[in-house]
Amino acid sequence: MTTAITENITYQGLPAVHLRAPNGAEATILLHGAHVVSWKTADGQERLYMSEKSEFADGKPVRGGVPICFPQFSTRGPLPGHGFARLFSWEVSDARTGDDYAMAVLRLTDTAATREMWPHAFIAEMTVSVAGDRLDMELEIENRGDQPFSFTAALHTYLRMREVEEATLEGLRGQHYFDNVSKEDNKLETGITVAISEETDRVYYDTRNPLLLREPHRSLGIHAENMPETVVWNPWVERCAKIADMPDNGFRYMICVEAGAIQKPVQLDPDGTWWGRQTLVAM
Ligand code: TA6
């Protein structure tokens, strides 16, 4: 065991914060989008997928890691897809270490550019901490204006898979979901596990149970708080081939398991705050 570290680094030419927990687990967060781009457990295994064709530039989304969707999930509204939080540079407002963790807090406040798209005063804070083989990500939103506002949000986590077809996701049985491929709503999940063998794009409603993503030699526990929806996304062969910033075979090595507040927009009064969290535990 060594001591925990937080340091400023450059990742793909952009400023980033690097966290290292005393056991050697690491995370890297770009200031651009407060985007977690890497999470490695103490044994050195990368657990997040990052597309080798991703762009890393102001105003462009990063393909992989954990994009923050705010103040709009997907195309469910007039804003750019998944909102604007992932397009702007955030600032580091805190970086700390403790006996067993390293953590950083990144902050985005409204600017003329955000108000042009979404006329509200807000503070968004993303807190990321690594401790042992656990990654905690918490998004907090505060209404700094004098009018109520509403939003949808998600942590759009791209998990790295050795081979997605060999993976199974447990914990969604009995849940209803919107199928964004067939556009059918309120489908019932009847399988004990969800496996990926075709294009999959689902918003599961009201998911309260922890999830378990199993691969042949490792697993990941996934737990969300205050983010009732779970999104499961894999573009599969044809859609992946159309995604310019993803290699054609990229779909084989990823699955997005996202935590979101999507179906029922969050309403925030002036001075009100909301938070949502996703925790990943490597096993
Ligand atoms: O969360 C799933 C989803 O909304 C899909 O419908 C898919 O389009 C994906 O996100 C990626 O969106 P992006 O805007 O990053 O290409």
In the stretch 37-46, which residue that is more than 15 Å from the ligand (Cβ to nearest atom) and closer than 30 Å to residue 265 by Cα is surrounded by the fewest Cβ atoms within 10 Å (Cβ to Cβ)? 38
Collect the residues in the stretch 53-84 that are part of a loop (DSSP other than H, G, I, E, B) and within 8 Å of the ligand (Cβ to nearest atom), keeping them in residue-number order. 61, 63, 67, 73, 74, 75, 81, 82
Under the condition of being within 23 Å of the chain's Cα centre (by Cα) and small (Gly, Ala, Ser), which residue from the stretch 122-149 is farthest from residue 269 (Cα to Cα)? 132
Name, by its number, the condition in (1) at pLDDT 95 or above; (2) more than 16 Å from the ligand (Cβ to nearest atom); (3) within 30 Å of residue 20 (Cα to Cα) that does not hold for residue 121. (3)
Filtered residues of the stretch 20-43 (kept if among the aliphatic types (A, V, I, L, M), outside any loop (DSSP other than H, G, I, E, B) and farther than 23 Å from residue 256 by Cα): none
With 255, 222, 192, 196 as the choices, which residue is more than 16 Å from the ligand (Cβ to nearest atom) and either hydrophobic (A, V, I, L, M, F, W, C) or crowded, with 20+ Cβ neighbours inside 10 Å (or both)? 192
Contact list, first residue from the stretch 201-225 and of a type in the set (Asp, Glu), second anywhere and within 16 Å of the ligand (Cβ to nearest atom), beta-carbon distance below 6 Å, six or more apart or interchain, is 201/180; 201/181; 201/233; 206/228
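The values are calculated or read from the model by the stated rules, or taken from the named source; none is laboratory data. Since the structure is predicted, the reported quantities are computational estimates derived from the model, not experimental observations. Heads up, the Cβs are rebuilt from the backbone with ideal geometry, glycines too, and the neighbour counts pull from every protein chain shown.
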